[in-house]
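Trainee: Input: one structure, supplied below.
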Amino acid sequence: MNFTKPNGKRRVVITGGSMISGLGRDWETAYANLKAGKNKIRYMPEWERFTKMNTRLACPYDGELPTFPRKKIRGMGRVALLSLVTTSEALKDAGLLTEDGEDVIEELKNGRTGIAYGTCMGSMDAIGDLAEMMRTGDSSHLNSQTYIKAMPQTNACNLSVYYQIRGRVIVTDTACTSGSQSIGYAYEAIEDGRQDIMIAGGAEELSAPDAAIFDTLGATSVMNKTPEQTPKCWDKDRDGLVIGEGSGTLILEDLEHAVKRGAKIYAEIAGFGTNMDGTHITSPNAETQAYALQMALDDAGITADQIAYVNAHGTGTHHGDISESQAVYKVFQRDVPISSTKSYIGHILGACGAVEAWLTIHMMNEGWFHPNCNLVNVDPECAPLNYITGDGLKADAEYVMSNNFAFGGVNTSLVFKKWHNE
């Protein structure tokens, strides 16, 4: 078995993972929900008090979360707790927890394991407490944990302390590319030989201010009476995005290290590309988006013809869908199969890249790719791609791609390769 790439860098594989979203907390549940072809968006009556906000739609995670020792999660708001749930499950999946499931194996504490983790921002309740001090002058409601819950590195640092991880920490606070960028940077840390294992992912708790940010831009769906019919990614009648909630964690590992310990391998990370538009803080740029996709292909050493499926960022916004479709077509020059997971669970912001990557890997291994939910009439302004509909697409894929784009003009692209026992 060759443990290095032709360029001499180490090969990186995924040996564990977990997700939380409206689709559920495991692949079997998510697969069944995707096969059903119905989204998980719902009306939020508790948002009716925000009188100037137009949207009332979201995709929260309504399930129960496991309990953890209270003393060890004092500095965790909901966003960090979501990251802890998927990280604990991912480490267990990878066989890296002790038998009691409470701690990582000793090897992971030697500095050769690191964390790359992101979110759009810390826990909104804690941020609200800080804002209340500025508004009223009263700081009595602040405590020693307020900033820990509010800080953008709350996920990465809380996870490091909880599991005594002593390697590199990479905080990807890059809005909607936080989850995918964490995977990409973790991949680079391993392939360059700086770490053997990386915990990578993103999490986002549901909050009305997140919806309000997009609402002020006219980018949210206001189909409040028919939540089951939105978002409508790529559709000419789409009216905007819907905010979601969730978390995704992947365990990345040096191939040789994984093989030596007999780890299960889900897929290989073949390529990664990331860049910035440098043109506008919120308006996408198809040219630079396309360049990020091409960088991922070049890093993987393959051509666009070898990609069997693209999991799109696909937010359901007018300019976003058009720009993304044009970027994909510029690179692929064919009607490559493409679909958006956000049409089922909304936009999970800092978590979307990690959740979508984990689902894309499972779909590749399943040989089935989900259709676009609610897509009826493709917008003629979108590029001529194969927007998957109906019962989905059955395909034996060797390579797949997952893309994300963010405010600030941040673009990411990940290429995954099916794992064959070599």
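The values are calculated or read from the model by the stated rules, or taken from the named source; none is laboratory data. This structure is a prediction, so every number in the text was calculated from the model and none was measured. No Cβ is skipped: glycine too gets one built from the backbone with ideal geometry, and neighbour counts run over all protein chains shown. Only protein heavy atoms, including side chains, enter the accessible area calculation; ligands, DNA and RNA are left aside. Shrake-Rupley method; radii C 1.70, N 1.55, O 1.52, S 1.80 Å.
Trainee: Hey, can you tell me all the residues within the stretch 1-31 that are in a helix (DSSP H, G or I) and out of contact with any helix residue (DSSP H, G or I) (no Cβ under 9 Å at 6 or more places or on another chain)?
Mentor: Of everything in the stretch 1-31, those that are in a helix (DSSP H, G or I) and out of contact with any helix residue (DSSP H, G or I) (no Cβ under 9 Å at 6 or more places or on another chain) turn out to be E28, T29.
Trainee: Also: So in the stretch 324-348, with the set limited to residues that are farther than 18 Å from N377 by Cβ and either open to solvent by 10 Å² or more (accessible area, probe 1.4 Å) or at pLDDT below 95 (or both), which one is nearest to the chain's Cα centre (by Cα)?
Mentor: P337
Trainee: Related question: Filter the stretch 238-288 down to residues that are of a type in the set (S, T, Y) and over 30 Å from D196 (Cα atoms) and give me whichever is farthest from the chain's Cα centre (by Cα). Walk me through how you get there before you give the answer.
Mentor: Step one: list which residues in the stretch 238-288 are of a type in the set (S, T, Y), which gives 247, 249, 266, 274, 279, 282-283, 288.
Cutting the leftovers down to over 30 Å from D196 (Cα atoms) gives us 279, 282-283, 288.
On the way: T279: 24, T282: 19, S283: 21, T288: 20 Å.
Among those residues, the one meeting the criterion is T279.
Trainee: Right, next: Could you pull out the residue among E99, E107, E89 that is over 19 Å from the mean Cα position of the chain (by Cα), within 19 Å of A200 (Cβ to Cβ) and not hydroxyl-bearing (S, T, Y)?
Mentor: E107
Trainee: Tell me, please, whether a residue that is under 21 Å from C120 (Cβ atoms) and buried (at least 19 other Cβ atoms within 10 Å of the Cβ) can be found in the stretch 251-271.
Mentor: No - not one qualifying residue is present in the stretch 251-271.
Trainee: In the stretch 181-237, which residues are over 22 Å from the mean Cα position of the chain (by Cα) and of a type in the set (A, V, I, L, M)?
Mentor: Scanning the stretch 181-237 gives L217, V222, M223.
Trainee: List, please: which pairs have Cβ atoms under 6 Å, are six or more places apart or on different chains, and start with a residue in the stretch 88-117 that is in contact (Cβ under 8 Å) with a residue 60 or more places away in the chain and end with one that is of a type in the set (D, E, K, R) and surrounded by fewer than 21 Cβ atoms within 10 Å (Cβ to Cβ)?
Mentor: Sorted first by the residue in the stretch 88-117, then by its partner, the pairs are G114/R168.
Trainee: Could you say which residue among K225, K232, K236 is more than 28 Å from A327 (Cα to Cα), at pLDDT 95 or above, open to solvent by 10 Å² or more (accessible area, probe 1.4 Å) and of a type in the set (K, R)?
Mentor: Being more than 28 Å from A327 (Cα to Cα), at pLDDT 95 or above, open to solvent by 10 Å² or more (accessible area, probe 1.4 Å) and of a type in the set (K, R) holds for just one of K225, K232, K236, which is K225.
Trainee: For H319, work out the one condition from (1) closer than 26 Å to E205 by Cβ; (2) of a type outside the set (D, E, K, R); (3) in contact with a Ser or Thr (Cβ under 7 Å, 6 or more places away or on another chain); (4) open to solvent by 40 Å² or more (accessible area, probe 1.4 Å) it doesn't fulfil.
Mentor: (1)
Trainee: OK, next. Filter the stretch 78-97 for residues that are open to solvent by 10 Å² or more (accessible area, probe 1.4 Å) and not aliphatic (A, V, I, L, M); which is farthest from S221 (Cα to Cα)?
Mentor: G95
Trainee: Residues being touching a residue at least 24 places away in the same chain (Cβ under 8 Å) and touching a Ser or Thr at 6+ places or on another chain (Cβ under 6 Å): count how many of those fall in the stretch 129-149.
Mentor: So the count comes out to 1.
For every residue, the table says whether it meets (1) over 21 Å from the mean Cα position of the chain (by Cα); (2) in contact (Cβ under 8 Å) with a residue 40 or more places away in the chain; (3) surrounded by fewer than 20 Cβ atoms within 10 Å (Cβ to Cβ).
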site: G16; (1), (2), (3): no, yes, no
site: D26; (1), (2), (3): no, no, yes
site: P45; (1), (2), (3): yes, no, yes
site: T55; (1), (2), (3): yes, yes, no
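Trainee: Here's a follow-up. Restricting to the stretch 260-306, name every residue that is touching an Asp or Glu at 6+ places or on another chain (Cβ under 9 Å), β-branched (V, I, T) and under 24 Å from A200 (Cα atoms).
Mentor: I265, I269
Trainee: Considering only the stretch 241-264, state which residues are of a type in the set (D, E, K, R) and either outside any strand (DSSP E or B) or modelled with pLDDT under 95 (or both).
Mentor: So in the stretch 241-264, the residues of a type in the set (D, E, K, R) come out as 245, 253-254, 256, 260-261, 264.
E245, E256, K260, R261, K264, listed by residue number.
Trainee: Counting only residues that are surrounded by fewer than 20 Cβ atoms within 10 Å (Cβ to Cβ), give me the helices (runs of 4 or more DSSP H) lying completely in the stretch 109-221 with at least 2 of them.
Mentor: 124-136, 154-163, 208-215
Trainee: In the list T216, T226, which residue meets the criterion of being without any contact (Cβ under 8 Å) to a residue 12 or more places away in the chain and more than 19 Å from Y344 (Cα to Cα)?
Mentor: Just a single option satisfies the conditions, and that option is T216.
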